[in-house]
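**Student:** Okay, handing you the structure first.
The values are calculated or read from the model by the stated rules, or taken from the named source; none is laboratory data. Since we're looking at a predicted model, the values are computed, not measured. Counting neighbours? That spans all protein chains shown, and the Cβs are built from the backbone with ideal geometry, glycine included. Each accessible area value is taken on the protein alone, full model and side chains, heavy atoms only, with ligands, DNA and RNA left out. Shrake-Rupley method; radii C 1.70, N 1.55, O 1.52, S 1.80 Å.
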Amino acid sequence: MHYFVLDGEKLLCHTVSALPVELEMMFQLLRMKYTISYYVSQWEDESTAPGQGLDYNNSYGYNREPLRSELVLQNGSLLGFYVGNDFQNPSPQHILSVSNPFICIEDKNRLACYQRWELIVEPNPSPSEYVFLSRVCRQDENHQFSIDEFPAEIVESISDSFFLEDNRGRFTGVFCLTLKLNRTAINAPDDVLDKLAVYHPILVRR
């Protein structure tokens, strides 16, 4: 567990076993007040990489809750959310905030790959009713998912699913799923994340 503090022009990462009580109380409000719209473009085909035999598309997006590990504070108050990947030397350029609500990071080593974030202030804050699972492993690309495959008393229905491809467009054995939560689960978001942790879950909004 960690969070960030902007000290002058330097962004510092603080590692903790759990958020201090006052930060946890703040986060419980922020997780409903803000939505982070995320989209990853990751594809190539013969028109973008001629002669390389590349043909795949793993692009997708969702609207999700902020994460505890993304919190950025300045002078004890929320500044925004850190969406960079470097926790050892985090860059203030990757702070998503009301004053900087749009960030796009390109992968300069690949032809058609970038990540994009946008911060949305919710007009009517409410708990997330869906969870996105980013790594569900199955052997058959035609697998039909059912709610019985997931912990009891969490899932109301399977909203949608798709699988990830290798660089030749073949099934990798990994699915991404969106599950609609039942009312009990909606009111216990951290319990949902704990019970589905093996699938790398993220609470999302529709």
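**Student:** Using the Cβ atoms and a cut-off under 9 Å, what net charge is assigned to the surroundings of ILE36, where Lys and Arg are +1 and Asp and Glu are -1?
**Tutor:** Taking every Cβ under 9 Å from that of ILE36, the sum is -2.
**Student:** In terms of modelled amide H atoms, which long-range or inter-chain residues lie less than 5 Å from the amide H of ARG64?
**Tutor:** Residues meeting the criterion, in which the H sits 1.01 Å from N, are ILE36, SER37, TYR38, ARG205.
**Student:** Right, something else. Please compute the Cα-Cα pair-distance distribution of the stretch 103-206 with 10 Å bins starting at 0, giving whole percents from short to long.
**Tutor:** Histogramming the stretch 103-206 at 10 Å steps yields 13, 38, 32, 16, 1 percent.
**Student:** Hey, got a sec? Which GluC sites (Glu not before Pro) in the stretch 6-102 land in a DSSP loop and have at most 11 other Cβ atoms within 10 Å?
**Tutor:** GLU9, GLU46
**Student:** Can you list the HN-Hα couplings for the stretch 159-175, worked out from phi with the Karplus curve (6.51, -1.76, 1.60; θ = phi - 60°), rounded to whole Hz and with x for Gly and Pro?
**Tutor:** These are the phi-based 3J(HN,Hα) values: 7, 6, 8, 7, 10, 8, 10, 7, 6, 10, x, 9, 4, 9, x, 10, 10 Hz.
**Student:** Under 10 Å, Cα contacts only: if you run a Gaussian network model on the chain, which one of PRO123, PRO90, PRO189 comes out with the highest mean-square fluctuation?
**Tutor:** Its mean-square fluctuation being the largest, the pick is PRO123.
**Student:** Follow-up. Using a ≥ b ≥ c from the Cα gyration tensor of the chain (square roots of the eigenvalues), is it rounded, prolate or oblate, where a/c under 1.5 gives rounded and otherwise the larger of a/b and b/c decides, a/b for prolate?
**Tutor:** Note, shape of the chain comes out oblate.
**Student:** Place a +1 charge on the Cβ of each Lys and Arg in the chain and a -1 charge on the Cβ of each Asp and Glu, then give the dipole magnitude about the Cα centre in debye, rounded to the nearest 20.
**Tutor:** 300 debye
**Student:** Roughly how many nanometres apart are two label points built 7 Å out from the Cα toward the Cβ at SER134 and THR172?
**Tutor:** Distance between label points: 1.1 nm.
**Student:** Loop only per DSSP, at most 16 neighbouring Cβ atoms within 10 Å: give me the GluC sites (Glu not before Pro) in the stretch 153-185, ordered by residue number.
**Tutor:** GLU153
**Student:** Now, a different point. Check each of the chymotrypsin sites (Phe, Trp or Tyr not before Pro) in the stretch 85-186 and keep only those in coil by DSSP with at most 14 other C-beta atoms within 10 angstrom; list them in order.
**Tutor:** Answer in residue order: PHE87.
**Student:** Using helices alone, I'd like the mean residue ellipticity at 222 nm for the chain: each DSSP H run of four-plus residues gives -39500 (n - 2.57), total over residue count, nearest 500.
**Tutor:** -3000 deg cm²/dmol
**Student:** Right, something else. Starting from the Cα of LYS108, draw a straight line to each of the aspartates and glutamates and keep only those under 13 Å, dropping any in the same chain fewer than 8 residues away.
**Tutor:** Cross-link targets: none qualify.
**Student:** Oh, and also: State the percentage of accessible surface on the stretch 47-206 attributable to carbon and sulfur atoms; use a 1.4 Å probe and exclude ligands, DNA and RNA.
**Tutor:** Accessible surface attributable to carbon and sulfur in the stretch 47-206 totals 44 percent.
**Student:** Please calculate how many Å² of accessible area the chain carries per residue, with a 1.4 Å probe and no DNA, RNA or ligand atoms counted.
**Tutor:** 56 Å²
**Student:** ³J(HN,Hα) across the stretch 193-204 via Karplus (A = 6.51, B = -1.76, C = 1.60, θ = phi - 60°), whole Hz, x for Gly/Pro?
**Tutor:** Listing the rounded values in order: 4, 5, 6, 10, 4, 5, 9, 6, x, 9, 6, 10 Hz.
**Student:** Another question, then. Projected onto the charge dipole of the stretch 138-193 (+1 at Lys/Arg Cβ, -1 at Asp/Glu Cβ, origin at the Cα centre), which of ASN167, THR184, ILE154 gives the Cα projection farthest towards the positive end?
**Tutor:** ASN167
**Student:** Placing +1 on the Cβ of each Lys and Arg and -1 on the Cβ of each Asp and Glu in the chain, which of VAL16, ASN58, LEU79 has its Cα farthest towards the positive end of the resulting dipole?
**Tutor:** Value computed over the given set: LEU79.
**Student:** Same structure, new question: Search the structure for amide H atoms under 5 Å from the amide H of GLU156, placed 1.01 Å from N in the peptide plane, and list their residues when 5 or more places away or on another chain.
**Tutor:** LYS180, LEU181, ASN182
**Student:** Evaluate the distance, in nm, between pseudo-label points positioned 7 Å from the Cα of GLU122 and of ASP194 along their respective Cα→Cβ axes.
**Tutor:** 2.1 nm
**Student:** Next up: Taking a cut-off of 18 Å between Cα atoms, list the aspartates and glutamates near LYS195, but don't count ones fewer than 8 places away on the same chain.
**Tutor:** Partners found: GLU65, GLU129, ASP148, GLU149, GLU153, GLU156.
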